[in-house]
Structure formats: C-alpha cells, structure tokens
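The values are calculated or read from the model by the stated rules, or taken from the named source; none is laboratory data. All figures in this text were calculated on a predicted structure; none of them were measured in a lab. Virtual Cβ from ideal backbone geometry, glycine too; neighbours counted across all protein chains shown.
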2 protein chains.
Amino acid sequence: MGLDTSGRPRTELGTGDAPGCGPLRGARQSGAQPLRQQIYEQVRSAGHISRAVLAKDLEVSPGSVTPLVSDLLAQDLLYEVPDESQHHGRGRPPVTLGVNPGRGLVAGLKLSDHEHSALLVDLAGHPVASATLPRRDDVRSVESLLDEVEALFARLTEAAGPGTPPILGIGLGMPGMIDHATGRLRWSPIVSDRDVDLAAAVSARMGLPVSVDNDANLLTMAELWFGRGRSLSDFAVVTIEYGVGLGLVVDHAPYRGGHGYGMELGHTKVQLDGALCRCGQRGCLEAYVADFALVREAPIALDGALPPRGKVLEALYDQAKDGNEAAKAIFERAARYLAVGLANVANIFDPRRIILSGSRMRYDYLYAEEMLAEVPSLTLNRPPPIEVNAWDDLVWARGAAALALSDLTPRLLA
Amino acid sequence: MGLDTSGRPRTELGTGDAPGCGPLRGARQSGAQPLRQQIYEQVRSAGHISRAVLAKDLEVSPGSVTPLVSDLLAQDLLYEVPDESQHHGRGRPPVTLGVNPGRGLVAGLKLSDHEHSALLVDLAGHPVASATLPRRDDVRSVESLLDEVEALFARLTEAAGPGTPPILGIGLGMPGMIDHATGRLRWSPIVSDRDVDLAAAVSARMGLPVSVDNDANLLTMAELWFGRGRSLSDFAVVTIEYGVGLGLVVDHAPYRGGHGYGMELGHTKVQLDGALCRCGQRGCLEAYVADFALVREAPIALDGALPPRGKVLEALYDQAKDGNEAAKAIFERAARYLAVGLANVANIFDPRRIILSGSRMRYDYLYAEEMLAEVPSLTLNRPPPIEVNAWDDLVWARGAAALALSDLTPRLLA
C-alpha cells in the first residue's frame, strides 16, 4: 500500500472517469443550498469548467454567477486555469475555473477489526497520502480506539511529509450502527462501549471537526463521489463482508434511513423460520451468506480436516475451486440467497444500478454468472444492472474523505 | 357515497389534523424551487399563517417575503384573513395568509375494475364534490376507458353544480405500471392496451392538463397531503388489494423508484422456490397474501361447499371468524408472510412509519395483533410503528387530487 506522495497522483486511486469529484447532478437536484455553495460544488464536480457552462448547468444567469465567482476567487477557494484546449490563434486563452486544492486537506479514516486505513485528500478530492495501521483482531474500548486513531493519523501526516496545507476535517467510519447526523455510535462489532458520542470524542482528541458514518455508507460515498455512481440519481451499494451491508442513494444524495442508523439488508428475511443468524433471528440473508454462515457448514465439506480458526473460509473456497462438490454446494446456496436479497432490493427500492463492493468480492462464487443470471427470475421488472466493483483496500478511506469534504463545504464557505 | 356539496365540507373527507394540505416540511427540505413557489406551498400546507411565521419557517428575511406575497395577493392566488384568535383589544386584528381556494379546482380520478371514483377539490385542498361510476368487471381498451373517464367527469361536474370555479387539471390513477414522469401506462390489469401515452390521451379527450400515477402512489400522496404522513420525512405505505403495493416517501416527497414504475413489494421473495405467483415466479409475497393466494386454498377449508366465484374470499373470511380452523390457518399463514414483507421493508428502507392502507384492511386477520407482534422478531432494530389507516373509498381519488394539485402549482405560479 502507500502512495507516491511526491507527485500527487490524480487518478490511480480510482477517481473515476471525470476529472472532478462529487455527485454529477443538475441544478434541479441541487437542493436549497445558497447559490455560492452550488457554484463551488459544481466546479468541484466538473473538475474544470468555464463561467458560461457553470451558469448554464446551474440554470442561472451569467450575471448572477460572476460576483459570487469573483468572491470565491478572492477567498482563494477557486482558481483560474488557462484552457489551452480551447485556445485557437493569438491572444489570451479562455480560462476555466477549478477548486483550489491547496487551501486545505481532509483525512478519511476507516477503522476495522484487523487493519485501519487512512487517506489524505485535497479540497479537489485528489489523494495526497495514505497510511495503514495493522492491529490485533479484538474488541476494544473507545478510549483505546482513540489511541489508534491518533497513531493512524500520525502515520498519515508523516506520509504526507512536511509543508502540506492544513488539515481541515476528518471523516471516520467503521462497521456498526453509527448515526451520521448526531455523530453517535450505538454499537459496533469492534468496540466494547455502547451509545457513545463518537464524533465528539474523536474531535476532542484530534482537535478537528469530525464526521462519522458506517462502513457501508463509506463505500456508498466513494461510489457517489469517485466511482460509478457519480452520474446516477438512484442506486444501491451492497457490501459483503463480515456481514451484508446496504447503502442507498436517492436523488444524488446518500439516504441513511428514517432513523439514521442505515439499512439492514443482511437481516432481511429470505426464509421464514430459516437458518439461525448471529442476531438471534432465523432466516436472515446473513445466516446464508456471511462468513459465519459459510464456515458453519465447513466441517462436513472439509471432512473433518479443519484448518486453524481464521483460515477455514479460505480453505473452503480453495476446495470449492478444486472441485469439492460439498464445498461448492455451500457457496452455491449462499449465491442463490444473495440473488434473492438483491432481487428484493430491486423490487423494494428500484435502483438504477446495484453495485456489489467490498473485500469479500474475491469469493467469486457469490457473484458468479449463475447467481447474477438468477436475479431476473426473481424480479418482476427487468432488474437493474448489477456491477461488481473490486476497489483496492483504500476505498473505505476514500469514502470517509468524501464524507469529510461533503460536511466541510458549508463551513468552508460560511 | 356522495357529499353534501352545498356546504363545502372541510374536514369529513379526512383532511387530517391540520387545516392545510400538502407535506409539512421545513425550508431545508423545500428543494430548488423559486421562493415564490415555496411561499405558496408553505401557506397551503399551513392552512393559515402570518407573514412573520412564514418567513421564519422558510428561513428567509421578512423583507424578501413581503414583495412576493404582495404579488401573490395581487394575482388572487393568496388572500388575507383577519386572525381573531390573536386579536386583543382594539384596532384591526392581525392578518394571516391563506391560499385562495376559489381560483380554481382540480379533479382526482381513480379508475378501478368494478367502480371508478372521483373527487373535486379547490386549490386549498378542500373537497367540493365527489362522484362514482360503477362498471362491469372486465379488461377494456384505452378508448373505452376514455369514454368512462368522460362519463365519470360529467357526474363529478354535475355533483358540483353550476357556478363552480374552473377545473384547472386532472390527476388520474389506476393499478398497474404507470410512469408519472412520462405519463406512460406500461400495463394495467384493467386495460388491454400496452405502452400507451395515457396522460396525453386523457388530456386530448378532456382538454385539461393530466397527471397519472399508479394506485399505491395515489394512497401515498393521500397520506402525504392529507393523512398521517404530513409531518413525516420518510415513510412507507403498504396496500393490500388485488395485489400488494408499496409507496415510499423520502424527504417529504414521493419516491417512485429509479425507473419510475414504482416498487414491487408484492413480488419480493419471501420463500425461495415457494408458492407459485400469478407473475410466473415462485415465493412472491403476493403468492401468499393476495386474493388469488387466499382463494387458492379455499376448496379444502370450505370442504367443497364453494360459493359462487367472486364470493369465495368473503365466505372464507366468515368461516374463519366462525372458528373454521382450516380457514383460519389460511389467513394466519398469509399474515405471517405479510409480517416478513413488512419487516423487509423496515430492514431495507428504514421508514419512520409503515401505514397499511386499502380496502382489504377489512380482512383483519392480515393485520391482527399476532401479525404485528411478529414484526419486531423479524427486524434487527426496533421496527417502525405500523398503523392501519381505514380510509373511506374516496382515498384514492383524494390522492389523485393531491397529485393534480402538486403538478399544477408550478404552472399556476408561472
């Protein structure tokens, strides 16, 4: 891992097919923000854009854009670039606007059971440095989590080197029930404390504004800001990890549910009175698809030759690849139930696309062609395209950075 | 049916607990509409409101509200009412603003297999007249549907009597796949034609602007504009009729799915390889809950003493009420699967409330306490409150009228 921080890589962290970052949306979806903020966000989203196109995209007169742009230029929040591509003949080339990346940085942090990761990006969303912090796989108190955040952050600033712009905010995510709006952590599988004001605790320790969210929403933010979801108004991100997560985007913005704790696709029921789930209920999707569900049936498939704990799933997968029918049957059933889960997302939410994301994507039985081929037979209408997005491990940190940028913008422009 | 149209009843059609109509939302959710439209909609939603409170609710200065209000008053779109409740002592009482109901009317039409219904409301959302048109239960062409629309409309205007303000628009809904944005009908169980530009066809026949939607979305609009959803940002409406419908509200606005044809809760899978559904797939919620699913098992429960077609479901229900264990078992299984379906809506969408609505609510086995008590054991988090809303038969027409009002507003203010 680790980036070459000398050359400010602009694309290799998957900033997508457009030079900017943030949702690509028209003015009609831009909400009730002040025009000043709409201008700044539209420029960031476009990468580089002329004043004329900016006014057109926002459906306002060029005259109303001009003074606000001048103001943003005077504050060093935007800058002007000569547009050589439009330069024909003599004279000054036309200029386009860009977000001044050097005004500051934000850090995206993803906390996990066995490794934390972090990414520093500038205000235009370009990655500046990254860092990881391996750790022992256990449940810890919030206090020791804060120590780890501090250590991870130190690695990140060290990787960025001296002379970098100031860090203006932190986005932080982890698995569990975390309310972005209030900053509260209700519970997390990697933390022993319950009902903690996580955003306030991290902010007090680090002396910076902090936004928090769950890991499925970080992936959703990464897709919405840097990935395949940039130009989609409504889509779903499904993550298969330790559990099964779901993130929804409605009208170019993350939808976090009516209670703020996110969606629980993993605990939708795919079989009444079905297999027992970790949560204590029966027939949950996770009870067929998650790690523990696959491992549960491994002793039979592996015929007693059980590898050490923590290695069972990989052994099972290798056996399936080698033609062990019982091992294959375990993955195939999981894939069928996953197809039911995805079909139910399509039936209930009707997204324009479903993006499968996360590190378990390496168990390709779960998204085998047979599984994907089953989804249309489980949805009434033509199902949305289902894509597999095999990001690198920094995807969550990238989503956390998008979260920080998104929440920073109103403060920055205030 | 039929209203006393002489006295302009203001509340008996369930206009809810607030005197206005439309979503009760704050300025932050009001989207990118011009302030003029935000003002008009806020006044309609409030019923009556002072200029000062209006500016406060919209989070703008009183100075920016004043000229726009004057303009709306000059155009007879708003009017002023003395607020006697705030009148202490001498002098003129303070005035509040209201939407001028007399500027025009809109018609809401619900087309159905055995009876069409219609409601005329003024611009403040108050019902003015209603009408119904019984019809033979068969599938018809769009052409003969248009004849029926014309006949229904004639009854409606006759019920309103002479001297009513002009009708400015029509909202129309029916079961099926109908795209509100494009006005197209993809298919409907009551129409033989497929892929028709329904809004244009009705508009050409009636000479008025027409908005169309499916019947579940009409119920959702009725809840959002007149019912229990007025003050809720995110909620779900589940209808149990001929099939099982779902309407979602996100951020005080109807969410119609990424493809515009609405959600298909009835075809979410509650049992892999389960009971055969009308749609040809297996394990759909409808295959356990809809009329045809209940009737399918009736011959055994009724022991061969089968009533005439069309009366089977009622006979089955009566038998269950009389203690016939087999008949009870049919309703009880349906209720358990309905609980699974509602739990999956809660898990995937996390609404603040689920409202059960529609005429099949009379089969109270389906929403018996036992069923509702099962939902928490099927959701990971505390499930949202589940309410049963037993509207009268005009609820769909009321939703259609809300649809017409909602789409009329920008035209009216243009």
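Just one of the numbered conditions (1) closer than 18 Å to residue A:408 by Cβ; (2) surrounded by 17 or more Cβ atoms within 10 Å (Cβ to Cβ); (3) not charged (D, E, K, R) is not true of residue A:165: (2). Could you tell me how many of the residues in the stretch A:315-345 are in contact with a helix residue (DSSP H, G or I) (Cβ under 7 Å, 6 or more places away or on another chain) and of a type in the set (Ser, Thr, Tyr)? Matching residues across the stretch A:315-345 total 1. Of all residues in the stretch A:195-215, at least one satisfies being under 12 Å from the mean Cα position of the chain (by Cα) and at pLDDT below 95. Residues in the stretch A:146-167 that are in contact with a strand residue (DSSP E or B) (Cβ under 6 Å, 6 or more places away or on another chain) and either part of a strand (DSSP E or B) or over 16 Å from residue A:107 (Cα atoms) (or both): A:167 alone. Evaluate the stretch A:327-344: report whether one residue or more is buried (at least 21 other Cβ atoms within 10 Å of the Cβ), at pLDDT below 85 and farther than 14 Å from residue A:266 by Cα. Scanning the stretch A:327-344, I find no residue that is buried (at least 21 other Cβ atoms within 10 Å of the Cβ), at pLDDT below 85 and farther than 14 Å from residue A:266 by Cα, so the answer is no.
Taken over the stretch B:209-243, the criterion of being within 12 Å of chain A (Cβ to nearest Cβ) and within 18 Å of residue B:179 (Cα to Cα) is satisfied by no residue. Is the stretch B:373-387 home to any residue that is at pLDDT 85 or above and more than 13 Å from chain A (Cβ to nearest Cβ)? Looking for residues that are at pLDDT 85 or above and more than 13 Å from chain A (Cβ to nearest Cβ), one finds at least one in the stretch B:373-387, hence yes. Pairing residues of the stretch B:99-120 that are under 17 Å from residue B:217 (Cα atoms) with residues that are of a type in the set (Lys, Arg) and surrounded by 20 or more Cβ atoms within 10 Å (Cβ to Cβ), at Cβ distances under 7 Å and at least 6 apart in sequence or on separate chains, gives B:108/B:398; B:116/B:110; B:117/B:110; B:119/B:398. Among the candidates A:243, A:266, the residue that is touching a helix residue (DSSP H, G or I) at 6+ places or on another chain (Cβ under 6 Å), within 20 Å of residue A:343 (Cα to Cα) and modelled with pLDDT of 90 or more is uniquely A:266. As a summary of the residue check, residue A:71 satisfies the conditions (1) acidic (Asp, Glu); (2) modelled with pLDDT under 85; (3) farther than 30 Å from residue B:25 by Cβ except for the one numbered (2). The listed residues are A:123, A:77, and the only one of them that is farther than 30 Å from residue A:245 by Cα and crowded, with 18+ Cβ neighbours inside 10 Å turns out to be A:77. Restricting attention to the stretch B:251-282, which residues are more than 24 Å from residue A:376 (Cα to Cα), crowded, with 20+ Cβ neighbours inside 10 Å and at the interface with another protein chain (Cβ under 8 Å from one of its Cβ atoms)? Residues satisfying the conditions do not exist here. Checked against the criterion of being in contact with a strand residue (DSSP E or B) (Cβ under 8 Å, 6 or more places away or on another chain) and within 14 Å of another protein chain (Cβ to nearest Cβ), the stretch B:390-401 has no qualifying residue.
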